[in-house]
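Taking it in order: structure first as structure tokens, then the write-up.
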Amino acid sequence: RVLGLDCATRPLELRQRVGYFPEVDCWIPGLSAAEFVQYGGELCGMPPREARKRAHAVLDYVGLADERYRELATFSTGMRQRAKLAQALVHKPDILVLDEPLNGIDAGGRREMLGLLEEQAARGVTVLVSSHILEEIEAVTSSIVFLAEGKVIASGPLDEVRRLLKDHPLKLLISASDPRRLGARLMESGLVTGLSFERRSTAAGSEDLVLSVPQAESFYRALPGLVLELGIGVERLVPLDTSAEAVFAYLLGAEPGGKP
């Protein structure tokens, strides 16, 4: 059931409220972008004239206004992805489902695509994205669902999922004026369960401090006082394993970048 509707018995009503962006290219050979998007609107129950008008408007929205009459077969991969987004939006859906929408798009195009999805979410559309390009997706998502072998293994806001991984203390990198003195004080305080030193490649003889932090909230609250107490300057503090890639690896019983 989607939006309370049975998928088997009320397919047209669902098509009218759900926009779908497939991973694979699927269209009738010979269609132009405008014809493709219009046809998608008609499949969702729109009258031809309305579908044609909306097709032109949405192609302009995704940046294909000047290419609307070209055959889709002549489009680059990035342009095809934009055309597929246009057909998914043509009927103003309540839910937008996208399968690997960033595939084959360069960095600039990915930012533009994510910007369009953010705009749709801001307008009240529920946007569901299936993707393996986690680094860029996590920057715009409010909630994430991790799947492994067809089963949900975790879900929720990424920072909340990370906090639930009690067996994996947070890894933090700190650049400080006296990392060894700071490290000794942090170990003494009990705020960290392990530390190491990582030599910087940009400055011979200088080191960064890498910490294992079991309770991030307590650590963040206490760190400013400790730094002031010691009179040590801190240049940066960077979490090393809070990304979606790292969290997914932990959920699978692996180390980030490693194997189970």
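Does R123 qualify as being at pLDDT below 90, out of contact with any Gly (no Cβ under 6 Å at 6 or more places or on another chain) and over 24 Å from V247 (Cβ atoms)?
Answer is no for this residue.
Considering each residue of segment 117-176, count those that are part of a helix (DSSP H, G or I) and more than 14 Å from the chain's Cα centre (by Cα), and give that number.
7
For A8, are the conditions met, namely being of a type in the set (G, A, S) and over 24 Å from G109 (Cβ atoms)?
Criteria met by A8.
What pairs come up if the first residue lies in segment 22-42 and is free of Cβ contacts under 8 Å to residues at least 24 places away in the same chain, the second is basic (K, R) and open to solvent by less than 30 Å² (accessible area, probe 1.4 Å), and their beta carbons are under 9 Å apart, counting only those six or more places apart or on different chains?
Listed by first residue and then by second, the contacts come to C26/K84.
Of the conditions (1) part of a strand (DSSP E or B); (2) at pLDDT 90 or above, R181 clears all except one; give me its number.
Every condition holds for R181 apart from (1).
Please go through segment 35-53 and pick out each residue that is within 13 Å of R68 (Cβ to Cβ) and either at pLDDT below 95 or within 30 Å of the chain's Cα centre (by Cα) (or both).
Once the filter is applied, which keeps residues that are within 13 Å of R68 (Cβ to Cβ) and either at pLDDT below 95 or within 30 Å of the chain's Cα centre (by Cα) (or both), segment 35-53 yields F36, V37, Q38.
Which pairs have Cβ atoms under 7 Å, sit 6 or more apart or on different chains, and link a residue in segment 126-142 that is in contact (Cβ under 8 Å) with a residue 24 or more places away in the chain and open to solvent by less than 50 Å² (accessible area, probe 1.4 Å) to one that is of a type in the set (D, E, K, R) and part of a helix (DSSP H, G or I)?
Partner pairs satisfying both residue conditions: L134/E245; E136/R110.
Mind checking which pairs have a first residue in segment 241-256 that is part of a helix (DSSP H, G or I) and a second that is open to solvent by 50 Å² or more (accessible area, probe 1.4 Å) and at pLDDT 85 or above, Cβ under 6 Å, 6 or more apart or different chains?
L251/I153
Of all residues in segment 203-260, which are of a type in the set (A, V, I, L, M), over 29 Å from the mean Cα position of the chain (by Cα) and modelled with pLDDT under 90?
A203, A204
The values are calculated or read from the model by the stated rules, or taken from the named source; none is laboratory data. This structure is a prediction, so every number in the text was calculated from the model and none was measured. Reconstructed Cβ throughout: ideal geometry from the backbone, glycine too, with neighbour counts over all protein chains shown. These area figures cover heavy atoms from the full protein model, side chains too; ligands, DNA and RNA do not enter into them. Shrake-Rupley method; radii C 1.70, N 1.55, O 1.52, S 1.80 Å.
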